[in-house]
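Encoded as structure tokens, the structure appears first; notes follow it.
The values are calculated or read from the model by the stated rules, or taken from the named source; none is laboratory data. Predicted model only: the values in this text are computed from it and were never measured. When we count neighbours, we look across all protein chains shown, and the Cβ atoms used for this are built from the backbone with ideal geometry, even at glycine.
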Ligand code: HEC
């Protein structure tokens, strides 16, 4: 092929494989996308949202109850422990270095859609 077309073909291939990688079905109905408590919302927006609003690196999506159900089954203790110490792609403290344990508990309750 003409050399000038090569980058175009590469970009098309990259786009195609990006689609193929994302095998998760779109989530039709998510809960509220921002916590009701403004303080928790502020932390969520600056620390957790970038990953948990779009499933970056397989993060469970905010409000996706099905994705959170097996995680909630571990119990809040374990979820807090994984949030504070990190867990696979989940960075320690979820990048919120001034968060308290109760902030994390509120965030987890919100993100998992178990807050009612
Ligand atoms: C850099 C991306 C990123 C950020 C920022 C992030 N997370 Fe995560 N989080 C992940 C990923 C990826 C997982 C899935 C880890 C796994 O199960 O392998 C995850 C999983 C979790 C889990 C489930 C852990 C378990 O035991 O199943 C909780 C709870 C959690 N995150 C809370 C938070 C909170 C709270 C914040 C903000 C303070 C946050 N995360 C910010 C990427 C992120």
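Residues that are within 12 Å of residue 109 (Cα to Cα) and either in contact with a strand residue (DSSP E or B) (Cβ under 8 Å, 6 or more places away or on another chain) or exposed (fewer than 13 other Cβ atoms within 10 Å of the Cβ) (or both) within the stretch 59-84 comprise just one, 75. Evaluated against (1) at pLDDT 95 or above; (2) in contact with a strand residue (DSSP E or B) (Cβ under 9 Å, 6 or more places away or on another chain), residue 45 falls short on exactly one condition, (2).
Scanning the stretch 92-116 for residues that are under 13 Å from the mean Cα position of the chain (by Cα) and loosely packed, with under 15 Cβ neighbours inside 10 Å turns up just one, 95. Before we move on, is residue 56 under 21 Å from residue 92 (Cα atoms) and loosely packed, with under 15 Cβ neighbours inside 10 Å? Taking the combined requirement at face value, the residue satisfies it. Mind checking which residues of the stretch 51-78 are in a helix (DSSP H, G or I), under 14 Å from the mean Cα position of the chain (by Cα) and either at pLDDT 95 or above or more than 6 Å from the ligand (Cβ to nearest atom) (or both)? Listed by number, the residues that qualify are 51, 52, 65, 66, 67, 68, 71.
When residue 84 is tested against (1) in a helix (DSSP H, G or I); (2) closer than 15 Å to residue 31 by Cβ, just one condition goes unmet, and that condition is (2).
Of everything listed in (1) modelled with pLDDT under 95; (2) out of contact with any helix residue (DSSP H, G or I) (no Cβ under 6 Å at 6 or more places or on another chain); (3) closer than 17 Å to residue 94 by Cα, the single unmet condition for residue 9 is (3). Against the list (1) buried (at least 18 other Cβ atoms within 10 Å of the Cβ); (2) near the ligand (Cβ under 6 Å from one of its atoms); (3) without any contact (Cβ under 8 Å) to a residue 40 or more places away in the chain, the condition residue 88 fails is (1).
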